[in-house]
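Right, one structure below, let's go through it.
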Amino acid sequence: ASVPKAGLRLQLEALTAHGLEAETVDLDTMALWRAAAWAGVFGPEEADEEGGAAVPAAALPLTALVDLGARSVKVLLIEGDRLVEMRTLRVGDAVVSDEIARAHGLDATTAREVTLNALHSGTDQRLDVAAALPVAAEALPPDAEPPPARHVTIPYAEVDAAQTAYLQRLARELTRFLTASGRAGSVGALWITGGASVRPEAKDMLREVFGVEPRELELLSKLQHDLTPDEVSDLGPRLATALGLA
């Protein structure tokens, strides 16, 4: 793979400034492929449906692997266990909360939380937001009254519309990728991961684009860890690339 030297140099210099010397430079897409291969979701051979002789890897349908992240979407096509296509689409689901943040004057963290709550509950979200200070906090007299909080209502319909627009855009990008690869209609298995992969709407979109039922890439059950069930549910879909790098 080719990587722009300027961006890579900045990252290496940042590590060097903290006394760290990189031994290996890797790609997040390759790390994702490595994690899936380690999990055994595709292999060099697979028995045919009638239980006969194993089918050569090159004759198997394609396996697609999609990572739905906050800022990007990684999509890989694997033939047998051989990576044949990969692409990073710069269109993550954070565009939904970014739109809500701009529309209602919220910080990124609050907007993200409100957006997820709205999508999960299907209800309007109401919250109090501290008003911006007119001057720096340290310049205020000790007995100064804090500015009143403002009441904000984020309609569920607004969040749902932003989510729908994002998924439609992503569907177009994925369809364009499959068409350009010349392998549209050849996918026999679809594995998904990433924070947005748990959303039913995302699964519906991926099912329509790839023509197969998406299956979640579950990795933590194959590892020893001390995470709680809630932590597994929250972190599990977001660890595939990190585990691949490790």
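Solvent-accessible area of ARG176, all protein chains in place: 140 Å² (probe radius 1.4 Å, heavy atoms, ligands and nucleic acids excluded). Modelled this way, with points 7 Å down the Cα-to-C-beta line, the labels at ALA171 and SER186 are 2.5 nm from one another. With both residues required to sit in the chain, DSSP beta bridges show an antiparallel share near 70%.
Build a GNM of the chain with springs between Cα atoms under 10 Å apart, and of ALA161, ALA22, ALA94 the one that fluctuates most is ALA22. Our summary of shape: the Cα atoms of segment 78-119 have principal axis extents of 47, 18, 13 Å, ordered from largest down, in whole angstrom. Helix 94-104 axis versus longest C-alpha principal axis of the chain: approximately 20°, rounded to the nearest ten.
Using a simple spin-label model with pseudo-atoms 7 Å out from Cα toward Cβ, THR164 and ARG9 lie 4.8 nm apart.
Projecting label points 7 angstrom from Cα along Cα→Cβ for VAL25 and ASP226 puts them 3.7 nm apart.
Rolling a 1.4 Å probe over the protein heavy atoms leaves LYS222 with an accessible area of roughly 100 Å².
Heavy-atom accessible area, probed at 1.4 angstrom with all protein chains present, ranks SER186, SER197 as SER186, SER197, highest first. Rounded to the nearest 10 degrees, what's the angle between the helix 108-121 long axis and the longest principal axis of the chain, both from Cα atoms, 0 to 90? That works out to roughly 70 degrees. Ordered by solvent-accessible area of protein heavy atoms (1.4 Å probe), largest first, the residues THR164, THR29 come out as THR164, THR29.
In the chain the Cα-Cα distances spread across 10 Å bins starting at 0 as 6, 24, 28, 23, 12, 5, 2, 1, 0 percent of all pairs.
Springs between alpha-carbon pairs under 10 angstrom, Gaussian network model over the chain: which of ASP98, ASP128, ASP67 fluctuates most? Comparing ASP98, ASP128, ASP67 in a Gaussian network model of the chain, the most mobile one is ASP128.
Pairs of Cα atoms nearer than 8 Å and 6+ residues apart set the relative contact order; for the chain it is 21 percent.
In the chain, helices alone account for a calculated mean residue ellipticity at 222 nm of -13000 deg cm²/dmol, with every DSSP H run of four or more residues adding -39,500 (n - 2.57). The value for segment 154-237 of Rg(Cα) / (2.2 N^0.38 Å) is 1.31.
The values are calculated or read from the model by the stated rules, or taken from the named source; none is laboratory data. Owing to the predicted nature of the structure, the values given are computational and were not obtained by experimental measurement. Note: ideal-geometry Cβ built from the backbone for every residue, glycine included; neighbour counts use all protein chains shown. Heads up: the accessible areas ignore ligands, DNA and RNA and are worked out on the full protein's heavy atoms, side chains in. Shrake-Rupley method; radii C 1.70, N 1.55, O 1.52, S 1.80 Å.
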